[in-house]
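The values are calculated or read from the model by the stated rules, or taken from the named source; none is laboratory data. Small disclaimer: the values here were computed from a predicted structure and weren't measured. All Cβ positions, glycine included, derive from the backbone under ideal geometry; neighbour counts span all protein chains shown. Heads up: the accessible areas ignore ligands, DNA and RNA and are worked out on the full protein's heavy atoms, side chains in. Shrake-Rupley method; radii C 1.70, N 1.55, O 1.52, S 1.80 Å.
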Amino acid sequence: MPHQRSLDLVQITEPHDVTPELRRELIDCWIAVTNTGGAAGFPFPPVDDHDVEPVADKVIGRLNPQQSRLVIATADGVLAGWVILNRDPHRLVGHWGTVHHLQTHPDWRGRGIGTALVHELRKIARDELGLEQLHLAARGGEGLEDFYERLGWREIGRWTGALRFAPDDTRDEVLMVLAPL
């Protein structure tokens, strides 16, 4: 497990700002998180480049200063985690954003990386995008509700039995909100 000396949080708002090296690190992180049981968008490990690259390219391709932001955490020059914030441009729901794919590389877990990413995303949402709330859907049965609740989020509902991982493993999708920002 690497020793963390410094943590840098960087916001990326345009696809062209994602270098080939960063793209590779994002993909490698997503693969590592998924293959160690992380709930980051691929429910059926193992995954590899073939699975993750096209999805990562879509996420990167949608980056836009007004609608989609990527925040990365680097520790000692290495990608330690990342998260996406999306906002719908429609004025009916334009006052809130949605958090996607929060993940910390397994080598960096337990060091506050996820917490730092959520705090930074909250500041960006409030101060730069003028959002009033953040929403997310978390996989039940992973302890994610407790993590988010410690950061001020509250559960606002569940889609009971929405996620079927195996015939004997059906879980809720937990809906959460952070408001006010």
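Working only within the range 136-181, note down all residues that are more than 22 Å from ARG87 (Cβ to Cβ), of a type in the set (Val, Ile, Thr) and exposed (fewer than 14 other Cβ atoms within 10 Å of the Cβ).
THR160, the sole residue that qualifies.
Just checking, does the range 37-52 include any residue being closer than 20 Å to THR13 by Cα and at pLDDT 95 or above?
Within the range 37-52 (the criterion being closer than 20 Å to THR13 by Cα and at pLDDT 95 or above), the answer is no, since none of the residues qualifies.
Which ones in the range 103-133 are among the acidic types (Asp, Glu) and closer than 26 Å to PRO43 by Cβ?
ASP107 - this is the single residue of the range 103-133 that is among the acidic types (Asp, Glu) and closer than 26 Å to PRO43 by Cβ.
Looking at GLY130, GLY114, GLY97, can you tell me which residue is under 14 Å from GLN66 (Cβ atoms) and under 14 Å from the mean Cα position of the chain (by Cα)?
That would be GLY97, the only listed residue that is under 14 Å from GLN66 (Cβ atoms) and under 14 Å from the mean Cα position of the chain (by Cα).
Can you pull out every residue in the range 53-71 that is touching a Pro at 6+ places or on another chain (Cβ under 9 Å) and polar (S, T, N, Q)?
ASN64, GLN66, GLN67
Of the residues that make up the range 113-128, is at least one in contact (Cβ under 8 Å) with a residue 60 or more places away in the chain and either of a type in the set (Phe, Trp, Tyr) or over 22 Å from ILE27 (Cβ atoms) (or both)?
So far as the range 113-128 goes, yes, one or more of its residues are in contact (Cβ under 8 Å) with a residue 60 or more places away in the chain and either of a type in the set (Phe, Trp, Tyr) or over 22 Å from ILE27 (Cβ atoms) (or both).
Which condition breaks for VAL52 when tested against (1) in a strand (DSSP E or B); (2) over 25 Å from ALA125 (Cβ atoms)?
Among (1) in a strand (DSSP E or B); (2) over 25 Å from ALA125 (Cβ atoms), VAL52 violates only (1).
Take the conditions assigned to a helix (DSSP H, G or I), open to solvent by less than 50 Å² (accessible area, probe 1.4 Å) and among the acidic types (Asp, Glu) and apply them to GLU120. Does it pass?
Yes.
Testing TRP82 on (1) among the aromatic types (Phe, Trp, Tyr); (2) assigned to a loop (DSSP other than H, G, I, E, B); (3) within 20 Å of LEU134 (Cβ to Cβ), one condition comes back false. Which one is that?
(2)
Mind listing whichever residues of the range 7-28 are within 16 Å of the chain's Cα centre (by Cα), of a type in the set (A, V, I, L, M, F, W, C) and more than 14 Å from GLY77 (Cβ to Cβ)?
Selection gives ILE12, LEU26, ILE27.
State all residues of the range 68-86 that are open to solvent by 30 Å² or more (accessible area, probe 1.4 Å) and either within 13 Å of the chain's Cα centre (by Cα) or within 15 Å of ALA125 (Cα to Cα) (or both); if no residue qualifies, say none.
Hit for the range 68-86 is ASN86, nothing else.
Take the range 58-67 and flag every residue that is without any contact (Cβ under 8 Å) to a residue 60 or more places away in the chain, surrounded by fewer than 18 Cβ atoms within 10 Å (Cβ to Cβ) and either within 21 Å of TRP96 (Cα to Cα) or touching a helix residue (DSSP H, G or I) at 6+ places or on another chain (Cβ under 8 Å) (or both).
GLY61, ARG62, ASN64, PRO65, GLN67
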